[in-house]
1. Show which aspartates and glutamates lie in cross-link reach of residue 201 when reach means a straight Cα distance below 17 angstrom and same-chain residues fewer than eight apart are skipped.
2. Out of 208, 243, 155, whose Cα points farthest toward the positive end of the dipole of the stretch 139-255 (charges: +1 Lys, Arg; -1 Asp, Glu; placed on Cβ)?
3. With the cut-off at 28 Å, tell me which of the pairs 20/251; 38/251; 130/221 have Cα atoms farther apart than that.
4. Based solely on C-alpha atoms, express the radius of gyration and the Dmax of the stretch 4-254 in angstrom.
5. Rounded to the nearest 0.05, what FRET efficiency do residue 201 and residue 130 give with R0 = 41 Å and r taken as the Cβ-Cβ distance? Could you check?
6. Ranked by Cβ crowding within 10 angstrom, fewest neighbours first, how are 113, 155 ordered?
7. What helices does the chain have that are whole DSSP H segments, at least 24 Å long along their own axis by Cα, and with mean Kyte-Doolittle hydropathy of -1.0 or more?
8. I'd like the distance between the alpha-carbon centres of the stretch 229-245 and the stretch 2-36, rounded to an integer number of Å.
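A short reminder: the numbers here are calculations on the coordinates, not readings from a lab. If you're wondering where the values come from, they're calculated on a predicted model, not measured in any experiment. Cβ placement follows ideal geometry from the backbone for every residue including glycine, while neighbour counts extend to all protein chains displayed.
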Amino acid sequence: MKELVLLTGASSGIGYEMAKHLAAQQIDLVLVARSVDKLNALKRELEQHYANSVHVFQQDLSEVDGAVSLYEAVTKQGLTVTALVNNAGSGVYGNFSDTDLDEELRMIQLNVTSVVALTKLFLQDMLVHKRGRIMNIASLLSFLPFPYYSVYSATKSFVLAFTETLAAELEGTGVIVTALCPGPVDTAFNTDAMWKTNAYKANKPVPAKEVARQGVALLLKGKGKKIVGFNNWFISNLPRITPDGIMMNIKKNLASQQ
Ligand SMILES: NC(=O)c1ccc[n+]([C@@H]2O[C@H](COP(=O)([O-])OP(=O)(O)OC[C@H]3O[C@@H](n4cnc5c(N)ncnc54)[C@H](OP(=O)(O)O)[C@@H]3O)[C@@H](O)[C@H]2O)c1
């Protein structure tokens, strides 16, 4: 069966770069996002440069029925997805008492609920074929929940917990589930307010291309979780050796603006 990778959030940032990286290896793609013009432009570029086929699906995955609609649309076209990358995600930064509830509920739908639903749906087909790969994009904040990113951090802790437990359940089935955990990445994900935090001064963002390169390697050949960069691996382990109160003060300072 020919490899077919479905990438959510392929219109920009890490997903866009992963699409280019996978296409360069002649892998067929299903690209998903809301910005269909950007996806179609990428499809044209990839099909022109590489001999692979690229399918585009416009879908808002922050909608309650978004994941099911996407799965139905993909299967209706007779496409068999051999690898799923749950990359689409959004972040909300600010005092929880001030942030917008609707924005946060849509983020939970996108970062958590749609990830669970897409995984459940595409996994069934992978189990039939006794083969498949699922990679979820978690975060450094999965290990280090940050103040002012309270709901976002919780969504990414969920993604990591879900990925690691599911990977264990699926051992021996032929389906491998992995988590990519980037620290700060130079993408449109970060708002002006986020760029002004101490964290971005202390921990330089990694180019999306480099994160994508490591993500594609994990997706195609890796196992377990991959924290992008030694610096971030070290930071992710700090809570193991630092008392909770001190750790939370450090994180609060990093997540604050100067
Ligand atoms: N950038 C960082 O510092 C960082 C760090 C750690 C983890 N991450 C994670 O990395 C992943 C990719 O983010 P990125 O940094 O590449 O950000 P990005 O450049 O903003 O890309 C986000 C992608 O998700 C798609 N998306 C957003 N909302 C969507 C929706 N409602 N339905 C469907 N697709 C949607 C966007 O496309 P449309 O707008 O066209 O829909 C876009 O393609 C996210 O899960 C993020 O949490 C990022």
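1. The reachable aspartates and glutamates, counting only those whose Cα sits under 17 Å from residue 201, are 186, 192.
2. Checked the options; the winner is 208.
3. Flagged as over cut-off: 20/251; 38/251.
4. Calculated on Cα positions, Rg and Dmax stand at 17.7, 55 Å.
5. On the way: r = 48 Å, r/R0 = 1.18.
Efficiency computed from Cβ-Cβ geometry: 0.25.
6. Working: 113 18, 155 26.
Ascending number of Cβ neighbours within 10 Å: 113, 155.
7. Working: long enough: 150-169 (28 Å, 0.61).
Helices meeting the span and hydropathy rule in the chain are 150-169.
8. Rounded to whole Å, the Cα centres lie 32 Å apart.
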